[in-house]
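Some notes on the structure that comes next.
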Amino acid sequence: MTEHAVVLQGHLPLALGEWPGDAGACSALMADNLALLRALLVMDDHPASNDEEGHEGLSNLETKVDLLLLLVSAGIKGLGPTPPSYACILGSADLYWDCSDPAIFPAAHSKTCIALFLRPRIAMPLLLPGTMQPISAPAGTSDAHSRCHLHFHLDSRVQESLDRLIFRHHRRAVARDKDQHHPTNE
């Protein structure tokens, strides 16, 4: 089970990514992650009023242009079809996913990188380098399913943006739940 109270849950495509070979590759990976997370946060924002535009509007435009350039470059590199989807729980420092064949993923204590598609329509994954943790059985499932667990380490800027995205999704899920259970909706 997860130790985090605030998580992002859903059926999301994920696959093994390429481990960053050196400090330069790791920095580039984190820069791409940061651009993606910032763009997702901007896309989730409600349109700003005229009074709120200005510098923030320019920053949002830069983020969208960065994402567009990254998507175009991913397309040029020949990004393949979306990988299989798994029931995922994304926390601040951990990713859990249910899998019927955990053997396709690295063994416990192995360094790996998982490509997680937070928005499957956007063909750019969040790349999460980290260490695989021991596999467990998720609560309430048969023995045919296992829960894979990646503990990842991100730089502070990417971590902050990921935390904001997770919190925003959690807050919206709570609001949707309240709306569904409100007496006027019954």
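None of the figures in this text is laboratory data; all of them are computed from the coordinates on show. Worth saying up front: this structure is predicted, and the values here are computed from it rather than measured. Backbone-built Cβ (ideal geometry, glycine too); neighbour counts: all protein chains shown.
Tabulated results
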read-out: J(HN,Hα) series, the stretch 88-98, from Karplus relation 6.51 cos²θ - 1.76 cosθ + 1.60, nearest Hz, glycine and proline x; value: 10, 10, 9, x, 4, 10, 9, 10, 10, 8, 8
read-out: Length gained when the stretch residue 136-residue 11 is fully extended (0.36 nm per residue, less Cα-Cα span); value: 43.1 nm
read-out: Label-point separation, residue 22 to residue 171 (7 Å along Cα→Cβ), nm; value: 4.2 nm
read-out: Rounded to whole Hz, the Karplus (6.51, -1.76, 1.60) HN-Hα couplings of the stretch 147-163, x for glycine and proline; value: 10, 7, 9, 10, 9, 10, 10, 10, 5, 4, 5, 5, 4, 4, 5, 5, 4
read-out: Calculated FRET efficiency for the pair residue 121/residue 61, C-beta based, R₀ 30 Å, to 0.05; value: 0.90
read-out: 5 angstrom amide H check on residue 17, placed H, neighbours 5+ away; value: 113, 114, 115
read-out: Segment residue 87-residue 145, length gained on full extension (0.36 nm per residue, minus Cα span); value: 19.8 nm
